Amino acid sequence: MHPYFYISIISIIFFIAQLYPAMGQSTYQLAGKVIDESNQNPVSFAQVAVYPPGGTTPITGATTEDNGQFKFDLKQGKYDVEIVFVGYESKRISGVEVTTKNKNLGQVSLLPSTKQLDEVVVKSQAIRRPVSTDMEGLNIRPDQTLSNVGGSLLDVLRNSPSVNVSDDGTVSLRGSSGTNILIDGRNSVLASDLEQLPASMIKNIKIVNNPNAKYDAQGAGGVINIQLKKGANQGTSGKVETTVGTRLRANGSLNLGHRSDNFNIYGGYSIRRWPRVGSSSTIRETFDNFQRLEQEGEQERNDLEHTISFGTDFFFGKNKLSYEGAFNMEDETDSEAVSTELFDTRTEDLLLKYTRLNTETEDNYSLDNALIYERLFNDDSGKEFRALITHSFRDQLENQNINVYSGAALPGESDPTGMERSNNDENNENLILQADYVHPLGNGKFEAGYKSTFRKLDNDYTYEVLNQQSGAWTNQENVSNRFIYKDQIHAAYLIYSHTFNKFEISGGTRLEQTMVDTRLYNTSELNEQNYLNLFPSVQSQYHLDDLNAVKFTYSRRIDRPGSRHLNPFPDISDSLNVRIGNPNLQPEFINSFELGHMVKFKKADITSNLFYRHVNGQVDYIVSVENGISYRQPTNLNTSVTYGLEIINSTQLFPWWSFNASYSLFQTEVDGSNLDSGYSNKGISWNAKMTTDFNLPYEIDLQLTGKYEAPEIEAQGRDLARYSMDMSVQRSFFKDKASLTLTVRDVFNTQRFAGENFGTNFRQSFEYKRESRIALVNLSYTF
């Protein structure tokens, strides 16, 4: 057997042995599930409080999970239980007797409120909770952060704890860009372009830094699961929303749904026009030839996107059959003018001067389909069975026309002295088969499942240069290429969870068989990889008392190189800054540990996490400079280690002022001595994000959102600090059916992406500045 199988089993036995003495304690568990009486759907984030009989001061409280479930550890006795949530009539259950080890209230129905709605909504404005925590990780509610209004999914992630978003849209968790991003719990090509999904379509985001064996082992940083909105209310309902902003930005969406007892159908449409401009600068000095390169760039982007989501649920007997789909179409036009000057550092003489104008058009469309079957067991049985088949496809067609103006500072000062063009046709396809089963066993449960993933990416790239004398276009065979990437991942997992009064323990393992097959048509080069790995995981939580809980989690994970990392042919969009893939790249293997503490006060929730992550075969981009040209290539280093502390808190300072914040401090150590003694680096970094709400007179809500990301090290340098602040004002009308929101993003225009790189024969600095100070006005109406 694989050694990690024994680690998994020993971990489970060890924790059970440690927790077994607690079975004799006199703590009992009270549980239940909150649902909407009108449609039987679970009610997430409802507030549940436990009182002494007839009392007005709660003994303890909690928030329901995504599935509407809640549970408490209590002493034997009689209690009153009250459940409150915005838009529903509160419910108080008196005289609940807790006399058995596990008392379950079953399903508790809440009736949608009419007369009491205004009162409850006013109270809810006193404290917004964009972030909540549980044993798995973080739950993000995008609608609780006003600056998300009118934005995209990337904007939501930029405002989320633990998450960093780079200038090119790369998402990282706690400093790791190896993140597994799911759409409704599924791998989808929609995740390849997160900016295409409008924030108005996002219901909830789950961030799991240390996921258990049920999740794919892929992703060093963990898992981000994006949950799209679906129909919910009984009868017919809908919401229309429109946003306009500076530079003629516009975003409009319409969501409709109809639900009956046996049938549910829903859909949404969004149109998004989001032009932007930007600038860039690079300074690179090479020591072996005494040269300094200075580049200044100006970018402009215009895009128009249409997104349609649709789905249906059909209930028959104890069965539920669902279809979920999403379609996105994008037309994009980009232009970039880069002026380059090359100097002799000894004399400051100008050696070379030219401008490169790149005009690019893109036509993209993505389609995601899923057919899902669920077996509906008895409400109190605890059994669950779910099976699905999902298929997603993305077609991206990109054309570039490049004019080179030698000796000119700006295009148009003369005729082009060189002309180039390229065509890139990329098809990306995913197919997934999956089944999951949960079976209760006493105070515990078994979870088992199987998943097969089939992926294919076909990238056909042609690059041509115009012969100025003959007028013929010549194919550049050293750049043009067709690269096909295929992989299959077959996985099975087993998890056992158990509750010992105040303890919760979950241990399991996941077995994954990976088969990778790549083909480079230009050289007939084949690359096949086939490996079998075991990935154990442990999650545990101990409730110290009604207010405090501690948790410990461990997982072993993998980060496999993608097709763009493996394709050896160069990307020469900028002829002096070339990116190259690495066909010899190997996967990273990660061991991740986390120790956390959660405390809930009357007006504040605080979660703190100590984390440690060790990576074998760390992948980092290594920069080399040859003949004045910078080559950037992903390469396996020896190891990297990241460890630190994260704190997340939600506080209601006063009835009119609430505060939500997250802070993270971590040390990163990178060992690249297998490549060069100078490729080892270490440093401390930190980041902070905060959202604070003020309830002003006339029912006006003011929200400020700020973030700061300190410099962060890499093998050959560091990324510099990034920081910004957003401001939003919202006013509701017509009994909260309509709202008007004004948002100014990056109020002080400080957002940028910059860094430094060093090598034995060079040093360089760079900065990218996109238009970030944007004003938006949003109007929404719910019916």
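The values are calculated or read from the model by the stated rules, or taken from the named source; none is laboratory data. None of these values were measured; they are calculated from a predicted model. Cβ atoms come from the backbone with ideal geometry, glycine included; neighbour counts cover every protein chain shown. In case anyone asks, the SASA skips ligands and DNA or RNA and just uses the protein heavy atoms, side chains included. Shrake-Rupley method; radii C 1.70, N 1.55, O 1.52, S 1.80 Å.
Taking Gly87 as meeting all but one of (1) at pLDDT 80 or above; (2) surrounded by fewer than 18 Cβ atoms within 10 Å (Cβ to Cβ); (3) over 16 Å from Ala31 (Cβ atoms), write down the number of the exception. Of the numbered conditions (1) at pLDDT 80 or above; (2) surrounded by fewer than 18 Cβ atoms within 10 Å (Cβ to Cβ); (3) over 16 Å from Ala31 (Cβ atoms), the odd one out for Gly87 is (1). Of all the criteria given as (1) assigned to a strand (DSSP E or B); (2) crowded, with 18+ Cβ neighbours inside 10 Å, the one not satisfied by Ile271 is (2).
Name the single residue that is most open to solvent (accessible area, probe 1.4 Å) among those in the stretch 576-597 being more than 22 Å from the chain's Cα centre (by Cα) and β-branched (Val, Ile, Thr). Only one residue fits best here, namely Ile580. For beta carbons closer than 6 Å, sequence separation of 6+ or different chains, a first residue in the stretch 737-762 that is assigned to a loop (DSSP other than H, G, I, E, B) and at pLDDT below 90 and a second that is open to solvent by 40 Å² or more (accessible area, probe 1.4 Å) and of a type in the set (Asp, Glu), the qualifying pairs are Asn761/Asp288.
Tell me which residues, restricted to the stretch 557-595, are in contact with a strand residue (DSSP E or B) (Cβ under 6 Å, 6 or more places away or on another chain) and more than 23 Å from Gln218 (Cβ to Cβ). Listed by number, the residues that qualify are Phe569, Pro570, Asp571, Ile572, Leu576, Asn577, Val578, Ile580, Leu595.
Taken residue by residue, the stretch 604-618 has at least one member that is outside any strand (DSSP E or B), in contact (Cβ under 8 Å) with a residue 40 or more places away in the chain, touching a Ser or Thr at 6+ places or on another chain (Cβ under 6 Å) and buried (at least 21 other Cβ atoms within 10 Å of the Cβ). In this structure, Arg745 does not qualify as among the basic types (Lys, Arg), buried (at least 18 other Cβ atoms within 10 Å of the Cβ) and under 30 Å from Asp620 (Cα atoms).
Please determine whether any residue of the stretch 709-716 is crowded, with 16+ Cβ neighbours inside 10 Å and either out of contact with any strand residue (DSSP E or B) (no Cβ under 9 Å at 6 or more places or on another chain) or without any contact (Cβ under 8 Å) to a residue 40 or more places away in the chain (or both). Yes.
Checking the conditions here, which among Tyr323, Tyr373, Tyr354 is under 24 Å from the mean Cα position of the chain (by Cα) and hydroxyl-bearing (Ser, Thr, Tyr)?
Among Tyr323, Tyr373, Tyr354, only Tyr323 is under 24 Å from the mean Cα position of the chain (by Cα) and hydroxyl-bearing (Ser, Thr, Tyr).
Against the conditions (1) of a type outside the set (S, T, N, Q); (2) in a strand (DSSP E or B); (3) within 22 Å of the chain's Cα centre (by Cα), Ile572 satisfies every one except (3). Among the candidates Ser524, Ser506, Ser480, the residue that is small (Gly, Ala, Ser) and over 30 Å from Arg579 (Cβ atoms) is uniquely Ser506.
Can Ile505 be described as more than 23 Å from Pro568 (Cα to Cα), touching a helix residue (DSSP H, G or I) at 6+ places or on another chain (Cβ under 7 Å) and among the aliphatic types (A, V, I, L, M)?
So Ile505 passes the test.
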